[in-house]
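The values are calculated or read from the model by the stated rules, or taken from the named source; none is laboratory data. These numbers come from a predicted model, not from an experiment. Methodologically, a virtual Cβ is constructed for each residue, glycine included, from the backbone with ideal geometry; neighbour enumeration extends over all protein chains shown.
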Amino acid sequence: MIGHAVELQRMLFEQGAPSRRALLEYKRKSAGVYKVCVYRNHSFELIENTISAYLDYAECPADFEYSDYDDSLSFINFDTSADMCILWLDLSRYRNVGDIKGFLSARLQHLNSVFGKPVLVAYCGRDVEIGLKDVLSLNVDSLCKRQGIKTYDERMESISGTRLSSKAMMSVAKEMGLKYIPSMLRPSLKAIAVDLDNTLYGGVLGEDGIDGIRLTEGHIRLQNALKDLKRQGFFLCAISKNELRDVKTLFAARKDFPLGLDDFVSVQASWEEKSALMSNILAVANIHYDSVLFVDDNVGELSAMDSAYPDIHCVRACDDANITADIIENYPRLRKFGINAEDAIRSEDTKANAERLELRSSMSQAEYLKTLEVNIRFGIDEPSAAQRVSELANKTNQFIFNYRRYQKSQVDEMIGDNACRVITVSLKDKLSDSGIVGVCIANLSGRTVCIDELFVSCRALGRGLDDIIVLGAISVACEEFKCDTVKVAFKKGERNLPAQKFVNEKLVEYTKEAHGFGYEFPTDLVNIQIYGR
């Protein structure tokens, strides 16, 4: 696995931009796992022919199917079984349409009503603001302008079926293959664990000393890229074979580093194997290793980490740090389309987990909860929470009942449905405000409360609050519907072992048939707030 990733990294980043021939001749690693419907009014085929290497690097192999050319965007015979839709448009074909924004908005709203899955509008030929929260957009003209490449080749339209130049199509293939398609089809990564020596800077701390460490323009660019990811809510961690006190002294002394020690949620520095250090990072961040990107200049370290954690993601840091920075800036599933308030608090909340773990190890459960001064808030059908509900649904893998990946428009519909309740769970203690960490989707069927979905952020797991969050949310749903008969839907998946364990211990009988349900909040230990419609 690691060998193929390093090979693809070399092809896509280390040898300059890959040639069209190299991309066309690349043999995809596996059949498509995902199906992408391309609804278009000009040719997309050259993008499909040059995107496979990027999608393999993203571990997101996809098959493409096409509509006929359709300027009317009628969406007749649209395949609703597809995992996502790319609306591929040359807007110059709508010269006679005065209100192009209104036309596109109306057609996209119709598409959302029949499809309800991720939609990307990639367009050229006219500048327009799409303006729909559930729809992502890619302006090909702007992309080509930023990259300084020729956008159009009018001579080729009769042959290729599009006015776009070959370079423009290759640029779109990279942008879609590395950034858009993986981010829309798979949950985002959560953490970047980066080596220090000859990765974050040039030189070896233990040999060259603090003043001998080199900081090139490439290293500055790399550190700024990592700092930006931290601002977006990704966990930034350091993992190094060095003395911890030396690492702390380094960051305190080198004021020219864009990164500071407080930018890291966890700093693991010792002479232990890095796989053992990684286990500490996973415990602090409370995440699965398949959500981590590990960056190291030593292929041996990458191989050892891959052996210990087979689904971890790896980048080999290059001698030229500009190349490493380019990889990080384009790495799949490290892209967020909009940053919300939850992203801003995530890093600080995770830092506080280390202190929580220490407290919990030295106290009884009751003492621990009382000391933390825990406040849990249940919100019912709150429109302001819809975006966060959608985001959490599309990134949670460990504690999730049914893997339903809701779009915001779907959450909005459920909030407005009298037979449905969208219950959010927010968590706060004296160490940090965790924000919304859990969601329960409940429907009333006859006289039974059906739990259609329930998911909890990994940040909230392991604090001794699982019962209150999960059983409490179900209890709130029962109270809302004035009904105490509950049926729970659950689907076993590859990663939801924590949810499976909880259901087997607490809710297994409810997955088989409806039963009476009762739960009392431990109000002597935590403060409970419930906000209804």
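Is there a residue in segment 29-51 that is aromatic (Phe, Trp, Tyr), at pLDDT 95 or above, assigned to a loop (DSSP other than H, G, I, E, B) and farther than 30 Å from Tyr94 by Cβ? No, segment 29-51 contains no residue that is aromatic (Phe, Trp, Tyr), at pLDDT 95 or above, assigned to a loop (DSSP other than H, G, I, E, B) and farther than 30 Å from Tyr94 by Cβ. Of all residues in segment 463-483, at least one satisfies being of a type outside the set (D, E, K, R), within 24 Å of the chain's Cα centre (by Cα), closer than 23 Å to Thr371 by Cα and modelled with pLDDT of 95 or more.
Among the residues examined, Ser43 does not qualify as under 17 Å from Ile130 (Cα atoms), touching a residue at least 60 places away in the same chain (Cβ under 8 Å) and of a type in the set (Ser, Thr, Tyr).
The one condition from (1) among the polar types (S, T, N, Q); (2) closer than 16 Å to Gln398 by Cα; (3) without any contact (Cβ under 8 Å) to a residue 60 or more places away in the chain that Thr485 does not meet is (2). Exactly one residue out of Gly206, Gly202 is modelled with pLDDT under 95, over 23 Å from the mean Cα position of the chain (by Cα) and not assigned by TED's automatic domain parsing to the domain that holds Ala22, and it is Gly206.
Filtering segment 312-336 to residues that are within 24 Å of Gly203 (Cα to Cα), touching a helix residue (DSSP H, G or I) at 6+ places or on another chain (Cβ under 7 Å) and not polar (S, T, N, Q) leaves Cys314, Val315, Arg316, Ala317, Cys318, Asp320, Ala321, Ala325, Ile327, Ile328, Glu329. Within this structure, Ile339 passes the test of being among the β-branched types (Val, Ile, Thr), modelled with pLDDT under 95 and within 21 Å of Pro182 (Cβ to Cβ). Of the residues screened, Asp71 is not one that is over 22 Å from Val140 (Cβ atoms) and either touching a Pro at 6+ places or on another chain (Cβ under 8 Å) or among the charged types (D, E, K, R) (or both). Selection over segment 491-508 of residues that are assigned to a helix (DSSP H, G or I) and either among the aliphatic types (A, V, I, L, M) or exposed (fewer than 13 other Cβ atoms within 10 Å of the Cβ) (or both) gives a count of 7.
When segment 448-458 is filtered for residues that are modelled with pLDDT under 95 and either surrounded by fewer than 24 Cβ atoms within 10 Å (Cβ to Cβ) or not assigned by TED's automatic domain parsing to the domain that holds Gly493 (or both), only Cys458 remains. The C-beta contact set for segment 195-217 (first residue within 18 Å of Ile328 (Cα to Cα), second residue surrounded by 12 or more Cβ atoms within 10 Å (Cβ to Cβ) and aromatic (Phe, Trp, Tyr), distance under 8 angstrom, 6+ apart or interchain) comprises Tyr201/Phe257; Leu215/Tyr201; Leu215/Phe257. Taking the numbered list (1) buried (at least 21 other Cβ atoms within 10 Å of the Cβ); (2) modelled with pLDDT of 90 or more; (3) not β-branched (Val, Ile, Thr) in turn, Cys420 passes all entries but (1).
From the list Leu55, Leu8, Leu12, Leu46, the one residue that fits, being over 21 Å from Ala168 (Cα atoms) and surrounded by 16 or more Cβ atoms within 10 Å (Cβ to Cβ), is Leu8. Screening Ile287 against (1) over 15 Å from Leu222 (Cα atoms); (2) in a helix (DSSP H, G or I); (3) in contact with a Cys (Cβ under 6 Å, 6 or more places away or on another chain) leaves a single unmet condition, (2). Scanning segment 315-329 for residues that are touching a Phe, Trp or Tyr at 6+ places or on another chain (Cβ under 8 Å) and part of a helix (DSSP H, G or I), we see that the one that is surrounded by the most Cβ atoms within 10 Å (Cβ to Cβ) is Ile327.
Residues of segment 96-124 that are among the aromatic types (Phe, Trp, Tyr) and outside any helix (DSSP H, G or I): Tyr123 alone. A search for C-beta distances below 8 Å between a residue of segment 273-284 that is farther than 17 Å from Asp296 by Cα and any residue that is of a type in the set (Phe, Trp, Tyr), counting only pairs 6+ apart in sequence or on different chains, returns Leu282/Tyr289. Determine, yes or no, whether Phe294 is among the aromatic types (Phe, Trp, Tyr), modelled with pLDDT under 90 and not assigned by TED's automatic domain parsing to the domain that holds Leu132. No, not satisfied.
In segment 57-69, of all residues being in contact with a strand residue (DSSP E or B) (Cβ under 7 Å, 6 or more places away or on another chain) and of a type in the set (Asp, Glu), the one that is nearest to Val97 (Cα to Cα) corresponds to Glu65.
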